[in-house]
Amino acid sequence: MPSTAIEKDLVGKVALVTGGSRGIGRACCIALACEDCAIAVNYVRSEKDAEDVVAALRGMGVKARSFQADISKEDQTNVMIEQIMKEFGRVDVLVNNAGITQDKSFRKMTRDLWHKVLVVNLDGAFNVTSGVLDQMCERGWGRIINMTSIVAQMGNFGQSNYAVAKGGLIGFTKALAREVAAKGVTVNAVAPGFIETDMTASVPAETLELVKKLTPMGRLGKPEEVARAVRFLSAPQASFITGQVININGGMYM
Ligand SMILES: NC(=O)c1ccc[n+]([C@@H]2O[C@H](COP(=O)([O-])OP(=O)(O)OC[C@H]3O[C@@H](n4cnc5c(N)ncnc54)[C@H](OP(=O)(O)O)[C@@H]3O)[C@@H](O)[C@H]2O)c1
């Protein structure tokens with residue numbers, strides 16, 4: 001009798017999702033677990049949320065553990081990666097998802113707000129990627145997925161710091177993709193539009209109404225709709241896709 005079992009794509013592989021405790025990162029953890037990937041869930045403050053994600057992942061039958069670290073801090077990130085290597089032995093899929101906003105129109109933008117957004121969104125990706133890239137290259141297989149934003153492509157009022165950070169991630173994606181392509185490591189970015197998470201919960205209702213009006217689909221996106229692209233890019237069959245930005249925005253930017 002031929003087997004009817006559906007082969008999972010990421011059996012034996014390990015993913016690290018930064019900011020996996022909530023929102024899009026949480027959905028990425030669940031989506032990757034659907035492919036039987038073991039998951040390291042990074043968070044900075046929300047221990048309980050991270051533990052809830054870990055429990056959900058274990059309930060799906062995959063190995064999972066949470067790792068607290070502020071990825072904007074090099075020393076904390078290095079300790080986290082050491083712990084992950086001890087516990088899981090490898091990282092095959094890195095989702096550079098953790099991010100923050102600190103909005104102000106540029107005339108009111110302080111150096112501190114500018115810097116805060118850059119160090120988490122951009123330096124954070126540097127810190128984590130440099131910690132796991134060598135072992136991916138040595139094994140000849142890896143997937144790096146950077147969470148950028150529609151704001152990098154369109155701009156947005158009050159988000160010059162965030163636009164710079166997310167635009168930087170697109171440049172990083174393309175440059176790194178060229179450097180490691182021959183090593184079997186792909187590097188891509190996902191650019192969500194406005195997605196229903198805690199991040200957009202603080203956006204004023206009238207702004208969200210305007211966003212819906214400007215979105216051909218007439219609604220915000222869901223974290224699962226972003227996570228599906230991350231799952232797709234992580235698959236072994238996505239091996240010829242690198243340096244790309246996948247837009248998930250209901251048609252708001254084409
Ligand atoms: N929501 C949107 O509309 C949207 C659109 C485009 C792009 N994005 C991007 O998608 C990513 C996820 O956004 P989201 O909406 O899911 O955000 P969210 O609900 O606010 O969750 C942010 C996540 O990042 C983590 N995080 C924040 N700072 C961190 C740090 N210094 N070190 C480690 N982890 C940190 C948080 O951990 P704790 O739980 O511990 O705080 C949390 O897990 C971000 O990069 C965001 O810029 C979001």
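The values are calculated or read from the model by the stated rules, or taken from the named source; none is laboratory data. Model, not experiment: these values are computed from the prediction. Every residue, glycine as well, gets a Cβ built from its backbone with ideal geometry; the counts of neighbours run over all protein chains shown. These area figures cover heavy atoms from the full protein model, side chains too; ligands, DNA and RNA do not enter into them. Shrake-Rupley method; radii C 1.70, N 1.55, O 1.52, S 1.80 Å.
Placing a label point 7 Å from the Cα of Asn78 along the Cα-to-Cβ line, the residues of the stretch 126-142 whose backbone N sits under 17 Å from it are 126-135. Rolling a 1.4 Å probe over the heavy atoms of the protein chains gives the stretch 14-244 an accessible area of 47 Å² per residue. Cross-link pairs exceeding 22 Å between alpha carbons, from the set Lys104/Lys222; Lys73/Lys116; Lys63/Lys86; Lys13/Lys183: Lys104/Lys222.
Taking 0.36 nm per residue of sequence separation and removing the Cα-Cα distance, the His115/Met254 pair yields an extension gain of 47.1 nm.
Residue-wise HN-Hα couplings along the stretch 169-174, as the Karplus relation 6.51 cos²θ - 1.76 cosθ + 1.60 with θ = phi - 60° gives them from phi, are 5, 5, x, 4, 4, 6 Hz; Gly and Pro carry x. By accessible area, using a 1.4 Å probe on protein heavy atoms only, the stretch 14-244 has 53% of its surface on carbon and sulfur.
When the chain is treated as a GNM with alpha-carbon contacts under 10 Å, the residue of Leu32, Leu118, Leu220 showing the greatest mean-square fluctuation is Leu220. Backbone geometry of the stretch 30-36 corresponds, through the Karplus equation with coefficients 6.51, -1.76 and 1.60 at θ = phi - 60°, to 3J(HN,Hα) couplings of 5, 5, 6, 5, 4, 9, 6 Hz, x marking Gly and Pro. The order of Arg143, Arg228, Arg178 by accessible area, most exposed first and with a 1.4 Å probe, is Arg178, Arg228, Arg143. Which residue fluctuates most in the GNM of the chain (Cα springs below 10 Å): Ala205, Ala177, Ala33? Highest fluctuation among the options: Ala205. For the stretch 14-244, a crude dipole built from +1 on the beta carbon of Lys and Arg and -1 on the beta carbon of Asp and Glu, taken about the Cα centre, is about 460 debye to the nearest 20. These residues, Val211, Val79, go from largest to smallest accessible area, 1.4 Å probe, as Val79, Val211. Restriction of the trypsin sites (Lys or Arg not before Pro) in the stretch 9-116 to DSSP coil positions whose beta-carbon has at most 11 other beta-carbons within 10 angstrom yields Arg45. Exposure check, 1.4 Å probe, all protein chains in place: Ser239 carries approximately 80 Å² of accessible surface. Only one residue of Leu214, Ala229, Tyr253 has its Cα farthest out toward the positive end of the dipole of the stretch 212-254, where Lys and Arg carry +1 and Asp and Glu -1 on Cβ, and that residue is Leu214. When the helices of the chain are scored as -39500 (n - 2.57) per DSSP H run of n ≥ 4 and the total is divided over every residue, the value at 222 nm lands at -14000 deg cm²/dmol. For the pair Ala55 and Leu214, the difference between a 0.36 nm per residue extended length and the Cα-Cα distance amounts to 53.5 nm. A DSSP coil position with no more than 14 other Cβ atoms inside 10 Å describes the following GluC sites (Glu not before Pro) in the stretch 1-57: Glu7.
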